[in-house]
Structures are given as C-alpha cells and as structure tokens.
1. Is one or more of the residues making up segment 65-74 open to solvent by 70 Å² or more (accessible area, probe 1.4 Å), at pLDDT 85 or above and outside any loop (DSSP other than H, G, I, E, B)?
2. Being closer than 26 Å to PHE10 by Cβ, at pLDDT 85 or above and part of a helix (DSSP H, G or I) is the requirement here; does GLY59 meet it?
3. Name the pairs whose Cβ atoms lie under 7 Å apart, with the first residue in segment 67-87 and of a type in the set (S, T, N, Q), the second open to solvent by less than 70 Å² (accessible area, probe 1.4 Å), and 6 or more positions between them or separate chains?
4. Kindly indicate the residue of segment 37-56 that is loosely packed, with under 10 Cβ neighbours inside 10 Å and of a type in the set (Val, Ile, Thr) and also farthest from LEU11 (Cα to Cα) among those meeting that condition.
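The values are calculated or read from the model by the stated rules, or taken from the named source; none is laboratory data. Just so it is clear, the structure is predicted and the values come from calculations on it, not from any experiment. We place every Cβ from the backbone using ideal geometry, glycine too, and count neighbours over all the protein chains shown. Surface areas here come from the heavy atoms of the whole protein model, side chains and all, with no ligands, DNA or RNA. Shrake-Rupley method; radii C 1.70, N 1.55, O 1.52, S 1.80 Å.
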Amino acid sequence: MNPIKSPFKFLDSFTKEDKEIFFGRDKETEELYHKIFESKILLVYGVSGTGKSSLINCGLVSKFSESDWLPVNVRRGGNIVESLEKA
C-alpha cells in the first residue's frame, strides 16, 4: 500500500523531483520559459515566500534537458554586487 504524499512542502521549495506534485503555476512557468529565449539572463525577483525558487527549480527546470540548463541562484543579501560575484 502506497502512502499518499502531501503536495505541500511548507517552507521547503519544490525541486525537479517534485514535478508530479507541483501544480497551479503552469501559466507562470510558460511565461518564464518563453522569456528565457528573449535575453541571455532572466531575473526573477519578488517578496520572500512567494514561490520563486519552486517556480524555477521545479517548473522551469523541468522544461529543459540537463545539458541545456545552468541555473545560478543569487540571494540578494546586504550587497547585490557581492552576492552576484559570490554566485
């Protein structure tokens, strides 16, 4: 008997391995996917806890093969330039 897996991860973000339980962000995922091809860099910025990491690390990453995807995650911190250099 398989236990039912909860679709909620609370404070943890969704990853590619969670794509079967990740739902409700199809429109946003498609929009980001198309914007990727408009520029060499895509900045996703927003208030903490709004699902940015899940949208990218589960929704968007699932649309690419491993060889076509190089995510660089930057946490703003106190100085955005230093954060970019560190990433």
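1. No, because not a single residue in segment 65-74 is open to solvent by 70 Å² or more (accessible area, probe 1.4 Å), at pLDDT 85 or above and outside any loop (DSSP other than H, G, I, E, B).
2. Yes: the conditions hold for GLY59.
3. ASN73/ALA87; SER83/VAL74; SER83/GLY77
4. Selected residue: ILE41.
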